[in-house]
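Here the structure is laid out as structure tokens; the discussion comes afterwards.
The values are calculated or read from the model by the stated rules, or taken from the named source; none is laboratory data. This structure is a prediction, so every number in the text was calculated from the model and none was measured. Positions of Cβ are generated from backbone atoms using ideal geometry, with glycine treated the same way; all protein chains shown enter the neighbour counts. Protein only, heavy atoms only, side chains kept; ligands, DNA and RNA dropped before computing areas. Shrake-Rupley method; radii C 1.70, N 1.55, O 1.52, S 1.80 Å.
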Amino acid sequence: MSRYLFYISQNYSFAILRPLQKAILARGGEAAWFVEGDNVNHEFFNKDEVLLPSIDAVKEYNPRAVFVPGNVVPSFVPGLKVGVFHGFNSGKRNRKGKEDHFNIRGSFDLYCTQGPNTTETFKILAEKAGYFDVKETGWPAIDPLYEPLLVKKEIERPTILFCSTFSRNLTSAPHLFEEIKRLSITGKYRWLVQFHPKMPKEIIEQYKAIESEHLSFVETDNVIPLLQEADLMVCDTSSVLLMFLLLNKPVVTFNNISPKEYLINISEPELLESSIELGLTKPKGLMTNIESFIEQTHPYQDGGSSERVLDAVDEILSRPQKSVKKPLNLLRQFKMRKKLGYWKL
């Protein structure tokens, strides 16, 4: 029986990997989870999910492939290392000024990309590095997005979903608070508020304090039902806005670092209400630009990305191993061993 491992360190990993788990089990395989660090809420695990307690247990389990929605995975974990990403490329840049989405850290044997606008760059990087493969599969986390609506949609008034990243320099949460508070009091819209798990607690408490019959603060490991339910999203530079666009619905952003023609971007909180009203009309030019974005970012709308990922793993494992080895990354591997308390070979 084929065994697979999910290596996670954040709560958002559940929604990304569970479609893969479903596909694995449907094929008669086994899936297990391993948690790195203290940021995962163990209460989010389902009773029938297998959680391995240690690296020793992981080695005994001996998976054929390890799926990682994060940036790194220890080299001493057995199996083909597969990067499946924790979001879309939102244009965020690292300290060196390069797009963080394309930062190659020497951990993976295979990257399963989401669409043409990321596949091309990763293939160039793969040719240069020589030790990893790239397959365009679509993103497993998106599979449930194309299933029937999971919740009953309110039709009496528009539902607005407000999502924000945690980065101090990029977040819109503190800047839009007063305006969202004002709009929520009017009852004109139904507001759903959901933040990145690393959002500062003081901001979370600020929004929780204005909960009412018109505004709900939602804490969840699965944002997809919220995306399906909302008519429009208000956001900033969080990659979740890209998921929302894939449903062919408008997004209003506040100070997006790379505003594109498929977004309604504003820089003043006072423009929020008029921008929401514009977006809800779904102007033709905006919707045409959103359709073009979908074609380049994630053209797969069949809910079959998980199956394509598993097929890609099968194909790579059927080939001879690459002659070019992954970099040793001694310092990074030492840090991971120290974090995990694991010093065996």
How do the strands (runs of 3 or more DSSP E) wholly within segment 30-106 filter down when requiring 1 or more residues that are open to solvent by 40 Å² or more (accessible area, probe 1.4 Å): which remain?
30-35
Out of all the residues in segment 137-148, is one or more closer than 13 Å to HIS298 by Cα, of a type in the set (Ser, Thr, Tyr) and in contact (Cβ under 8 Å) with a residue 40 or more places away in the chain?
yes
Check on LYS59, within 22 Å of TRP343 (Cβ to Cβ) and not aliphatic (A, V, I, L, M)
yes
Anything in segment 296-345 that is over 27 Å from SER2 (Cβ atoms), surrounded by fewer than 12 Cβ atoms within 10 Å (Cβ to Cβ) and either touching a Lys or Arg at 6+ places or on another chain (Cβ under 8 Å) or of a type in the set (Asp, Glu) (or both)? List them, or say none.
TRP343
Which listed residue, of PRO250, PRO283, PRO259, is closer than 17 Å to SER172 by Cβ and without any contact (Cβ under 8 Å) to a residue 40 or more places away in the chain
PRO259
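Pick from segment 203-229 the residues that are assigned to a loop (DSSP other than H, G, I, E, B) and of a type in the set (Gly, Ala, Ser): which of them is most open to solvent (accessible area, probe 1.4 Å)? Full working, then the answer.
At the first step, the residues of segment 203-229 found to be assigned to a loop (DSSP other than H, G, I, E, B) are 209-214, 218-223.
Restricting the remaining residues to those that are of a type in the set (Gly, Ala, Ser) gives 209, 212.
Values: ALA209: 83, SER212: 56 Å².
Ranking the qualifying residues of segment 203-229, first place goes to ALA209.
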I need every pair where a residue in segment 193-214 that is of a type in the set (Lys, Arg) has its Cβ under 7 Å from the Cβ of a residue that is open to solvent by 60 Å² or more (accessible area, probe 1.4 Å), sequence separation at least 6 or different chains.
LYS198/PHE166
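I need the strands (runs of 3 or more DSSP E) fully contained in segment 107-202, keeping only those with at least 3 residues that are closer than 26 Å to GLU273 by Cα and either open to solvent by 30 Å² or more (accessible area, probe 1.4 Å) or at pLDDT 95 or above (or both).
Numbers: elements: 110-113, 133-136, 159-164, 190-195.
Hits in segment 107-202: 159-164, 190-195.
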Looking at segment 66-82, I want the residues that are at pLDDT below 95 and have a partner that is open to solvent by less than 20 Å² (accessible area, probe 1.4 Å) and assigned to a strand (DSSP E or B) with Cβ atoms under 8 Å, at least 6 apart or on another chain. Which pairs are those?
GLY70/TYR7; GLY70/ILE8
Looking at (1) assigned to a loop (DSSP other than H, G, I, E, B); (2) surrounded by fewer than 16 Cβ atoms within 10 Å (Cβ to Cβ); (3) hydroxyl-bearing (Ser, Thr, Tyr), which is the one condition that is false for SER292?
(1)
From the options VAL313, VAL324, VAL309, residue that is part of a loop (DSSP other than H, G, I, E, B) and not acidic (Asp, Glu)
VAL324
